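The values are calculated or read from the model by the stated rules, or taken from the named source; none is laboratory data. What you see is a predicted model; the values in this text were computed from it and never measured. Cβ atoms come from the backbone with ideal geometry, glycine included; neighbour counts cover every protein chain shown. SASA here: full protein model, heavy atoms, side chains in, ligands and nucleic acids out. Shrake-Rupley method; radii C 1.70, N 1.55, O 1.52, S 1.80 Å.
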Amino acid sequence: MDNDFLQYRDSLLVQEQWKKALLFTNTLGMYYIYESINHKKAYGILKEYQPYLHYNSDEKQIAFFYITYAEAATFMQFYKESLEILDKGIVFMEKHKDSSLYEFGYAYLKAGENSDKVNEISQSVGYFEKAKKIFSHQRDTLMYLWAQNGLAQLYGKNGLYDRAQEARQEVFEKGIEIKEYQVVTMARLAACNEADRQNNLAEELHQIRMALKEKGHESDVQGIVDILTLSYAVSIYAKNGIKDTSNLYKKELMTKIGPHINNPFLGTYYQLALSQNALVNNQLVQAERYAQKALDGVKGSFEAENIMRSEFLLANIYERMNNLEESIQHYKKYTQMKDSVNNVTSRRKFAFMQAELETEKKDMEIAKQRQDIKILDAQNKEKTYWLVFGGILLVGGSGFLWLYRNRRFAEKEQELTEKYSQDLLRQQEREREYIARELHDGVGQQLTILSKKARDANQTELLQLSQDTLDEVRQVGKGLLPLALVSLGITGAIQQLIYTFDEKYDIIFTLEMDSIEGCFSKEQNVNLYRFVQEAMTNLVKHSQATEVLIEIVRESNSVKLLIEDNGIGFSHEEKYKGQGLGLKTMGQRIRMMGGRVQIRTANNRGTSINANIPIINA
């Protein structure tokens, strides 16, 4: 299916349907980044489309493209290239001055994150400040707090702990005030990280207690926040020897990890938590296994903190096992990495302070550039759900963003699948119509001529064979193209369809139908006819029913359809998952008409299919 989507996108490019092609490119990019986890393919698809971007005029989709392309480059660890893409996006959005776009602020937010990764801390601060200004102008307090949170985490990473605490305090106060507890909780976890770096156990315990208190409030990503917070709680309490509390939160964590057990990001924190808990409970073999899993999961990544935690844990575990050789090896790796991180942090802190002094001498050049930005009043702001957590640089940076936006992608993927499936069904109907006409005008006429010649030559056997074949061709043609729709209308066509099934099968069909002529378009009539046809075909093949009721009722604004049998029923979930074009295609046809369909069934209890379809001319 993935390749089908890509081929469909490429066919749109050939047809110069630029708007659709851009939409599919953006959705495919998100699919490969967040669902398929194939960042290389996402990067290739987006890069391949770049030369076509100038054919588009949809500002929102263009801005979306720049963001998605930059994300793909970031996941490929092409940080400088990602910054170049973001800068192009920023230039585009500055030109159009549409400050209602969330992508506008998010571009600065992401640029702030990536500037930090290429050791441009001063530039990173400037980007974060611009993002804050845009979100403040949009009166979007939540996104402003995510930008402020990113700035606080930036300061903390570079050893500027006082500034980090000051920036984060605003997140705590305003986040609680507007009841956006997810950003507050995540800020608490970042504060736990900083307390851990400074060996401030009292502050670490305080922050995790507050995080546990705040995570209980409902939030957009409650499952993710819960798992991260519980993982931290299990680890921190175990590390501080508070075994009973660690065990308590471990039980809660294990009841909630299920849907996310294979997620690499959450899995790292989960494994570290279980390892630390096993260590405090003197379960050394288990502690070793969990810590090694965590280390294997982050090897080759840029998650320095989790690598150090894993190495330090293994050093302690092997020491408790009296395996001093292994303990020393892991401790060496831990200290080497810690020294390296501390050296980098010190250099970056010094460079930042020096740059800040130079900036002050030049009358705050970055601030002046910010003042020169003229942002138009935000109008008709439309929240883009996957951007809400775009500024998160806490607890794994882009990893948390990946988790949050994965949920938004599911919606986008469903939209893409719906669109693709609908186009596929339309194409199938066009092909059926073409084949039916070819059978009628080509094969049918040739068989008619053959029958006439056989009759003239008095070849009885050949005449019978040709007539039987002609009848079969006509039957196939009728199945491919419901001619009754043209001659009888939708009401008469469905009535004829039911009567045909009634004559052919030993089942009692009862039809109660209002006239629904004029309710739907030509394409919708075909979809409704096919829906009933597919339902009848499935019923006679599988239901073992003896009686079937079909009700089609016209109301003021909608048409309601009921198909109910007394058959053996089936397990709906198993049948739906295993079936290709049966139930899924039926549902798709009703959705193409803007309606809803519901199937109620159970083993040995019959089946009931209900559809509610709005009337287009109501």
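For the range 5-141, the relative contact order comes to 17 percent (Cα pairs under 8 Å, sequence separation of at least 6).
Site pair SER57 and ASN119 shows an inter-label distance of 4.7 nm when each label is modelled 7 Å from Cα along Cα→Cβ. Of the chymotrypsin sites (Phe, Trp or Tyr not before Pro) in the range 283-333, which ones lie in a loop per DSSP and count no more than 14 other C-beta atoms within 10 Å? Passing sites in the range 283-333 are PHE302. The length gained on full extension between GLN77 and GLN464, counted as 0.36 nm times the residue separation minus their Cα-Cα distance, comes to 132.0 nm.
Around the amide H of MET513, modelled in the peptide plane, lie the amide H atoms of ILE552, all under 5 Å away and 5 or more residues distant in sequence or on another chain.
Packing, as the average of other Cβ atoms within 10 Å across residues, places the peptides 224-235, 548-559, 597-608 in the order 224-235, 548-559, 597-608, highest first. Projecting the Cα positions of TYR499, ILE552, CYS519 onto the charge dipole of the range 484-562 (unit charges on Cβ atoms of Lys, Arg, Asp and Glu, taken about the Cα centre) puts CYS519 furthest along the positive direction.
The share of accessible area on the range 518-560 that comes from carbon and sulfur is 44 percent, using a 1.4 angstrom probe. The modelled label-to-label distance for the pair SER608/GLN496, using points 7 Å beyond Cα in the direction of Cβ, is 3.2 nm. With R₀ fixed at 25 Å, the C-beta to C-beta distance from GLU523 to LYS584 puts the FRET efficiency at about 0.85. Computed extension length for ASN199-GLU472: 89.9 nm, one decimal, from 0.36 nm per residue of separation with the Cα-Cα distance subtracted. Rolling a 1.4 angstrom probe over the range 34-143 with all protein chains present gives an accessible area of which 48% lies on carbon and sulfur atoms.
Can you classify the range 1-97 as rounded, prolate or oblate using the Cα gyration tensor, where a ≥ b ≥ c are the square roots of its eigenvalues, rounded means a/c under 1.5, and otherwise it's prolate if a/b beats b/c and oblate if not? It comes out oblate by the Cα gyration axes.
From the Cα gyration tensor of the range 153-234, with a ≥ b ≥ c the square roots of its eigenvalues, which class applies: rounded if a/c is under 1.5, or else prolate if a/b is larger than b/c, or else oblate? It comes out oblate by the Cα gyration axes.
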